[in-house]
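Each value in this text was obtained by applying a stated rule to the coordinates, not by laboratory testing. Not measured: the values here are computed from a predicted model. Heads up, the Cβs are rebuilt from the backbone with ideal geometry, glycines too, and the neighbour counts pull from every protein chain shown.
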Amino acid sequence: MLEGKRIERVEIHRASVVKNSPDQFIQATQGQLIRLIERRAKYILIHLERGGILGHLGMSGKFILDFKLKPIHSHDRVIFTLEDQSRLIFSEIRCFGFLEYLEDLATSERLERLGPDGLIDEIDPLAMRRRARGSRRNIKEWIMDQAVIAGIGNIYANEILFAAQVKPTRQAGRISKAEWERILKETKGILELALIHNGTSISDYRRVDDKTGEFQGFLQVYGKEGQPCPRCGRPIKKITQGGRSSWYCC
DNA sequence: ACACGATCCTGACTGC
DNA sequence: TGCAGTCAGGATCGTG
């Protein structure tokens, strides 16, 4: 849809979401052809003729494709106008997300830090167990560490561990091979299911066509403190780990 | 090595 | 009604 189109104009409405200087970003991207767009864990890579744009949506970011030239919204931070006058809008309420022009996406340090992709890579349970050996860190923070498994955020970490029947408070180094097998199987299964249902819209998240996702209707524990556990009926508990909320039961 | 808190921001909601 | 406090799909950094 975007591939093969030329970026005619770039407007930056909030400089802090662009890692480069505004001048540098505009100069480097304006006039370039979009060659390929791909995902790498939570990053979006927009390959251009020369270099490319590395994007991250943070907590509240979205890319919206606009064909109708809707009025600019206050959260629209960067606007790419394409040669056919359609617009790719990087909209970010909290400005934790970012765009970064890089001469070479392949050697980005951010990307090099990433572990195997939980959705598409074949991850060996024994390799995970070996890597976690000796770690007393809790398994919830462990699987959310992008250097360990890339692509798992807070919603899906909770859902994966519940589905795998592994309590989030367990020590990573004490997870058995069978439990790692379940965690990795559920990582794939839940991320795939969430993708089929276009992701989880709790408040701000929208698809690129501005529609909401539907996976919120499939959540078992995330955000469900006090509600009956789908497996045992006891109330779901909420705790804090690494500054993030965790919900779990049995 | 890791737990913890602060930080970057804005908006929705709660309680007084 | 107003205002302070809390919380939210993330990642990084400093401190102990």
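Below, the figures for the structure above:
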quantity	calculated
Shape of segment A:68-130, Cα gyration tensor, a/c cut at 1.5	prolate
Exposed GluC sites (Glu not before Pro) absent - longest run of chain A, DSSP non-H/G/I/E/B, at most 16 other C-beta within 10 Å	A:123-213
Extension gain, A:Cys232 back to A:Lys68 (0.36 nm per residue minus Cα-Cα distance, nm)	54.1 nm
Whole-Hz ³J(HN,Hα) from phi, Karplus 6.51 cos²θ - 1.76 cosθ + 1.60, for segment A:101-108, glycine and proline x	7, 10, 5, 9, 5, 5, 10, 5
Out-of-range pairs (alpha-carbon distance over 22 Å; input A:Lys42/A:Lys177; A:Lys19/A:Lys188; A:Lys19/A:Lys62; A:Lys62/A:Lys211)	A:Lys42/A:Lys177; A:Lys19/A:Lys188
Calculated from backbone phi, Karplus (6.51, -1.76, 1.60) coupling profile of segment A:21-28 in Hz, x at Gly/Pro	5, x, 4, 5, 4, 5, 4, 6
Percentage, to the nearest whole number, of Cα pairs in chain A over 30 Å apart	34
Which of A:Gly199, A:Thr212, A:Ile143, positive extreme of dipole for segment A:113-242 (C-beta unit charges)	A:Ile143
Amide H within-cut-off set for A:Asp117, under 5 Å, with H built and near neighbours excluded	A:Ala150
For segment A:125-248, Kirkwood radius (reciprocal of mean inverse C-alpha pair distance, Å)	15.0
Relative contact order (%) - chain A, alpha-carbon pairs under 8 angstrom, separation at least six	16
Calculated from backbone phi, Karplus (6.51, -1.76, 1.60) coupling profile of segment A:41-54 in Hz, x at Gly/Pro	6, 8, 9, 10, 10, 10, 7, 10, 4, 10, x, x, 10, 9
Cα gyration tensor shape for segment A:1-70, rounded if a/c is under 1.5, else prolate or oblate	rounded
Estimated FRET transfer efficiency (A:Cys250, A:Arg113; beta-carbon r; R0 51 Å; 0.05)	0.90
DSSP beta bridges in chain A [antiparallel fraction, %, rounded to 5]	95
Computed [θ] at 222 nm, deg cm²/dmol, chain A (DSSP H ≥ 4; -39,500 (n - 2.57); rounded to nearest 500)	-6500 deg cm²/dmol
Exposed chymotrypsin sites (Phe, Trp or Tyr not before Pro) absent - longest run of chain A, DSSP non-H/G/I/E/B, at most 14 other C-beta within 10 Å	A:97-250
When the convex hull of its Cα atoms is projected in every direction, mean area for segment A:6-144 (nm²)	9.9
